[in-house]
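The values are calculated or read from the model by the stated rules, or taken from the named source; none is laboratory data. Remember, it's a predicted structure, so these values are computed and weren't measured experimentally. Methodologically, a virtual Cβ is constructed for each residue, glycine included, from the backbone with ideal geometry; neighbour enumeration extends over all protein chains shown.
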There are 6 protein chains.
Amino acid sequence: MFTHVDENNQPKMVDVGEKKVTRRLAKARSVVVAPDLVMQHFKDGEISTKKGPVFQTAIIAGTMALKKTSELIPFCHPIPIESCHISIQVIGGQIIIDCEASTHGKTGIEMEALCGASLAALTVYDMCKALSHEIRIESTELLEKSGGKRDYVKTQ
Amino acid sequence: MFTHVDENNQPKMVDVGEKKVTRRLAKARSVVVAPDLVMQHFKDGEISTKKGPVFQTAIIAGTMALKKTSELIPFCHPIPIESCHISIQVIGGQIIIDCEASTHGKTGIEMEALCGASLAALTVYDMCKALSHEIRIESTELLEKSGGKRDYVKTQ
Amino acid sequence: MFTHVDENNQPKMVDVGEKKVTRRLAKARSVVVAPDLVMQHFKDGEISTKKGPVFQTAIIAGTMALKKTSELIPFCHPIPIESCHISIQVIGGQIIIDCEASTHGKTGIEMEALCGASLAALTVYDMCKALSHEIRIESTELLEKSGGKRDYVKTQ
Amino acid sequence: MFTHVDENNQPKMVDVGEKKVTRRLAKARSVVVAPDLVMQHFKDGEISTKKGPVFQTAIIAGTMALKKTSELIPFCHPIPIESCHISIQVIGGQIIIDCEASTHGKTGIEMEALCGASLAALTVYDMCKALSHEIRIESTELLEKSGGKRDYVKTQ
Amino acid sequence: MFTHVDENNQPKMVDVGEKKVTRRLAKARSVVVAPDLVMQHFKDGEISTKKGPVFQTAIIAGTMALKKTSELIPFCHPIPIESCHISIQVIGGQIIIDCEASTHGKTGIEMEALCGASLAALTVYDMCKALSHEIRIESTELLEKSGGKRDYVKTQ
Amino acid sequence: MFTHVDENNQPKMVDVGEKKVTRRLAKARSVVVAPDLVMQHFKDGEISTKKGPVFQTAIIAGTMALKKTSELIPFCHPIPIESCHISIQVIGGQIIIDCEASTHGKTGIEMEALCGASLAALTVYDMCKALSHEIRIESTELLEKSGGKRDYVKTQ
């Protein structure tokens, strides 16, 4: 049940050796909220705003963190990342960061998607924090996953 | 203003060379919410529950990620981490992760505290996800910082 | 014979491209000895001692180092780690650290098991060194391996 | 065409999930030129010169960097490196660094070979820079690749 | 003379313990040349071209690699990076990558600047290689350094 | 007393913020023993043996691991490594690896020296394991440290 805990109540890596290789996908989302002071810079198109470098830096940071997931989460297995697509939109005063990733592997890629979204969100924070520290990562959650024992789609 | 963007709208690292070395502290918090199915395992003392290995793994993952912050956030400066204390409490059905860190440096340590809290939260997710994927990191935010130009304390 | 040295006496990585993928296991052990001053803290059950956080930290450090083996040993190949289980026991005044790991790969996983055991041992040292520096990692060796050309079991 | 750029002109990782696993090879070369002051130390055999430790250090640095390519190049996929052979020769006053690598993977290994050659060249620079800073990495380029859609051989 | 080689002809790290902390700067340049097929995409302003994501990705990759220099070059000392500014221009059919960095440290920052420029160049290669593999990093060299025993400015 | 364990029996990093910066040194030793089959290759001078590439690779691996210590040991502080010298001798059928390192820092450098020696030893193992797996790292211990509260010299 707690698959990462052994019979002596010590943490361990789950053995995935006998699992089948399947195509696995996951999609995670982080939402960043910031005061108007910050948000006004992201309203318009790329030319007149700072959206370009801020969001591109976040996308790259998220992608690189996603590839480091098994180094960051102690009992995550290394898996061969085959795709990663992070997109960032500003909707209704929120910065919505979606991270989608896939692999052919023996274990799911949801921690990778969550790491990618989280680090992209933290990078947005870093790039904007000279304007305000009242920025908040409002939620980080899994939207969907497939390819493992049970598919998952977040319900409303 | 967007200190990480240069005159050609390209991202860059801020020059902190002429700033003074001061003692800097930061405290960040991530809150994890999970279904009862997960939370019931964390209710009681350490003996009868899985709290021990799950939370200790999260504390260690958060501490190690905190030390990697300048490797994860593209334009963060490396700073000499002098302390890091992560504590995790279960209060009212929420898992509250507090990360406090300090340095003597030329730039603040708030991104480090936020990274530490975030990765501890993601590790809690990872350790519990075999039970449910309806876990959510509900917020990650800075509680306070000091030692820089302006102190910051989160208002209610 | 020295498979890591080329015809010009220069080091190189062995080419494993034509080798078959097989299930490979390895088990390594590090033994830590420490003065009574240290050992008395590890005598009893988890509640009254510091064994819990010290050994869990060592297990996690060893697991994370095991995943970094190909980054630490210059000519090691990266392999997809499928399981890692580190257990620590106190027997007769010694701290016995066993690290077992497996993969499906083209090359063995013994360096990984040895790295995992070694770094767990070094972490025990780090956690106890405020009490004494007379701690010694008394041996690190391979107990067994299988799945390659020749199985190996340590003889007495 | 710019496969790393999405429909919103944002960078992304290419999806290689549906590509076939093939044996892929690549060979890259970096050429270092240095003043006579430096080059005279590399003229003769290993005994009387500093060639040994300088070139071996460069070979090891290049090999380790090659294994880190997907960590260094933001949108590179991690691939299972199966061989890497770096050789360094002094020809006509130039230090010629050849890096050859192979994998069975879904994407090519040319960025790895280029990274390996580049970091070996930078390491030669580092080991010699106390003698002169007029060292130059004169070119880094791909000599050949195979195993993908199109083989490539550098023409004269 | 070969400061990285000891009396037994073995490589070693130079001892900088007794050196003074000074402000140190370095500027390095990598030049990338590519066929017209590639270069035509970088001719104009940011809106109609792919210059935006390609160059920003290269700037970020270079900055992150610069912070990893002491991890990549075996005998480099870790130094506290205080600034890094990478700029990329297209001049006369060449992509000119300039990397400038500074620190207050006991040893120079030229290897960092060279690493930053090199990895930015390799990233440009990676982002364009679907168009052509006839891309070449034509030179990587130090333009200037200051703050150490001897200042250096590249002569024509 | 267990300085890495907090009042809730959870692991934490020690706060070194108020400690003084002093010059700190440490010397650690790992001893590797191997069957004659392996040792005969290390008997003579560099020309006729494989000692050159094996020991140089081990020295480099140890040096690079030493710089990564704070990344490998969960509660180690990052410190600015100022020197590292690893030397390897064959004495009486044993391979003796000595690692000496120094810093000006707020905390000791003994874990770094122990990591450097350990990873050099593991690398010797890796380079020789095609000949035999009966290799053992017989001991890893601290020989001396200075610069902190108490100097330490290993007694016989």
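Numerical summary
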| quantity | calculated |
| --- | --- |
| Qualifying residue in the range B:72-82 (condition: in a helix (DSSP H, G or I) and surrounded by 23 or more Cβ atoms within 10 Å (Cβ to Cβ)) | yes |
| Residue in the range D:37-60 that is closer than 26 Å to A:Leu66 by Cβ and either acidic (Asp, Glu) or crowded, with 24+ Cβ neighbours inside 10 Å (or both) present | no |
| Every pair of residues 6+ apart whose Cβ atoms lie under 6 Å, when the first sits in the range A:1-28 and is closer than 10 Å to A:Lys106 by Cα and more than 7 Å from chain C (Cβ to nearest Cβ) while the second is buried (at least 16 other Cβ atoms within 10 Å of the Cβ) and of a type in the set (Lys, Arg) | A:Lys19/A:Lys106; A:Val21/A:Lys106 |
| Among the residues listed as F:Ala65, F:Ala101, the single one being farther than 30 Å from C:Gln40 by Cβ, in a strand (DSSP E or B) and out of contact with any Pro (no Cβ under 7 Å at 6 or more places or on another chain) | F:Ala101 |
| Positions within the range F:71-94 being within 14 Å of chain E (Cβ to nearest Cβ), hydrophobic (A, V, I, L, M, F, W, C) and either closer than 22 Å to E:Ile81 by Cα or touching a residue at least 60 places away in the same chain (Cβ under 8 Å) (or both), in sequence order | F:Leu72, F:Cys76, F:Ile79, F:Ile81, F:Cys84 |
| Any chance A:Met127 is in contact with a Phe, Trp or Tyr (Cβ under 8 Å, 6 or more places away or on another chain) and under 30 Å from C:Glu82 (Cβ atoms) | no |
| Criterion: out of contact with any Lys or Arg (no Cβ under 8 Å at 6 or more places or on another chain), surrounded by 24 or more Cβ atoms within 10 Å (Cβ to Cβ) and among the polar types (S, T, N, Q) - qualifying residue of C:Thr69, C:Thr63 | C:Thr69 |
| Qualifying position, being under 17 Å from D:Leu25 (Cα atoms) and surrounded by fewer than 20 Cβ atoms within 10 Å (Cβ to Cβ), among D:Glu144, D:Glu138, D:Glu134 | D:Glu144 |
| In the range E:104-118, the residues that are more than 10 Å from chain B (Cβ to nearest Cβ) and assigned to a strand (DSSP E or B) | E:Gly105 |
| Check on F:Ser87, outside any loop (DSSP other than H, G, I, E, B), surrounded by fewer than 18 Cβ atoms within 10 Å (Cβ to Cβ), in contact with a strand residue (DSSP E or B) (Cβ under 6 Å, 6 or more places away or on another chain) and small (Gly, Ala, Ser) | yes |
| Unmet requirement for E:Arg150, which otherwise passes all of (1) more than 17 Å from E:Val16 (Cβ to Cβ); (2) assigned to a loop (DSSP other than H, G, I, E, B); (3) free of Cβ contacts under 8 Å to residues at least 40 places away in the same chain | (1) |
| Lone qualifier among C:Lys43, C:Lys68 - being over 27 Å from C:Val153 (Cα atoms) and among the basic types (Lys, Arg) | C:Lys43 |
| Test: residue in the range C:102-114 that is among the basic types (Lys, Arg) and within 29 Å of A:Gly17 (Cα to Cα) | yes |
| Test result for F:Arg29, over 25 Å from B:Ala113 (Cα atoms) and crowded, with 23+ Cβ neighbours inside 10 Å | no |
| Verdict on B:Leu119 being farther than 28 Å from A:Asp151 by Cβ, surrounded by 24 or more Cβ atoms within 10 Å (Cβ to Cβ) and at pLDDT 95 or above | no |
| Residue ID - farthest from the other protein chains (Cβ to nearest Cβ), chosen from residues in the range D:122-156 that are over 25 Å from D:Ala34 (Cβ atoms) and of a type in the set (Ser, Thr, Tyr) | D:Ser146 |
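Rundown of residues vs (1) more than 23 Å from F:Lys68 (Cβ to Cβ); (2) of a type in the set (D, E, K, R), yes/no style:
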{"position": "C:Asp98", "(1), (2)": "yes, yes"}
{"position": "C:Ala101", "(1), (2)": "no, no"}
{"position": "C:Ile109", "(1), (2)": "no, no"}
{"position": "C:Cys115", "(1), (2)": "no, no"}
{"position": "C:Leu122", "(1), (2)": "no, no"}
{"position": "C:Met127", "(1), (2)": "no, no"}
{"position": "C:Ser132", "(1), (2)": "yes, no"}
{"position": "C:Ile135", "(1), (2)": "no, no"}
{"position": "C:Ser139", "(1), (2)": "yes, no"}
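Residue by residue, here is whether (1) modelled with pLDDT of 95 or more; (2) under 12 Å from the mean Cα position of the chain (by Cα); (3) surrounded by 24 or more Cβ atoms within 10 Å (Cβ to Cβ) holds:
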| position | (1), (2), (3) |
| --- | --- |
| A:Gly93 | no, no, no |
| A:Cys99 | yes, yes, yes |
| A:His104 | yes, no, no |
| A:Ile109 | yes, yes, yes |
| A:Leu114 | yes, yes, yes |
| A:Asp126 | yes, no, yes |
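The rows are residues; the columns are (1) in contact with a helix residue (DSSP H, G or I) (Cβ under 7 Å, 6 or more places away or on another chain); (2) under 25 Å from C:Gly108 (Cα atoms).
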| residue | (1), (2) |
| --- | --- |
| F:Val54 | yes, yes |
| F:Ala65 | yes, yes |
| F:Val90 | yes, no |
| F:Thr103 | no, no |
| F:Ala121 | no, yes |
| F:Asp126 | yes, yes |
| F:Leu143 | no, no |
| F:Lys149 | no, no |
